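Working notes, structure below.
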Amino acid sequence: MTTNKYVYPHPINLYIISYLDMPVDQFCALYGFIQSTVATWVSRDRKVETLPASFIYALSLASSRDMSFVYEKLLDYQETYLKELEQGQKIKKEIE
């Protein structure tokens, strides 16, 4: 399965695609999340602080990292993302 790396640089997408190196829909299938729900979080610019703990826990399991590491990484990604949103730059980008 190929990973679509041309997406909105929301923290969820960045972490799953760049850090876990898997498509978001594959992550959702593996960890029991409804893909459309996660896509809605991204499209509505849901903040990291409001994500369910179960989602952050699943990210930590997938990456074999502590939840605190995952949360801090997501917050770092969010800081950059929010700055781009303030500048009116909600555009898709290729994630490396």
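The values are calculated or read from the model by the stated rules, or taken from the named source; none is laboratory data. In this text, all values refer to a predicted model and were calculated from it rather than measured experimentally. Cβ sites come from the backbone with ideal geometry, for glycine too, and all protein chains shown count toward neighbours.
Brief remarks on what is shown
- Under the condition of being surrounded by 13 or more Cβ atoms within 10 Å (Cβ to Cβ), among the polar types (S, T, N, Q) and under 18 Å from Phe27 (Cα atoms), the residues counted in region 48-82 number 2.
- Residue satisfying all of: in region 56-85; outside any helix (DSSP H, G or I) and out of contact with any Ser or Thr (no Cβ under 7 Å at 6 or more places or on another chain); nearest to Gly32 (Cα to Cα) among these: Ser64
- Screening Glu94 on (1) surrounded by fewer than 13 Cβ atoms within 10 Å (Cβ to Cβ); (2) at pLDDT 95 or above; (3) in contact with a Phe, Trp or Tyr (Cβ under 9 Å, 6 or more places away or on another chain) shows it passes everything except condition (2).
- Close pairs (8 angstrom Cβ cut-off, 6 or more residues apart or separate chains): closer than 20 Å to Phe69 by Cβ and in a loop (DSSP other than H, G, I, E, B) in region 15-34, at pLDDT 95 or above and not hydrophobic (A, V, I, L, M, F, W, C) anywhere: Leu20/Ser63
- Residues of region 42-55 that turn out to be within 11 Å of the chain's Cα centre (by Cα), in a helix (DSSP H, G or I) and within 19 Å of Met67 (Cα to Cα), as a count: 2
- Pairs, first within 14 Å of Ser18 (Cα to Cα) in region 70-88, second of a type outside the set (Gly, Ala, Ser) and crowded, with 18+ Cβ neighbours inside 10 Å, C-beta under 7 Å, six or more apart: Val70/Leu59; Lys73/Tyr15; Leu74/Pro11; Leu74/Tyr15; Leu74/Val48; Tyr77/Pro11; Tyr77/Leu14; Tyr77/Tyr15
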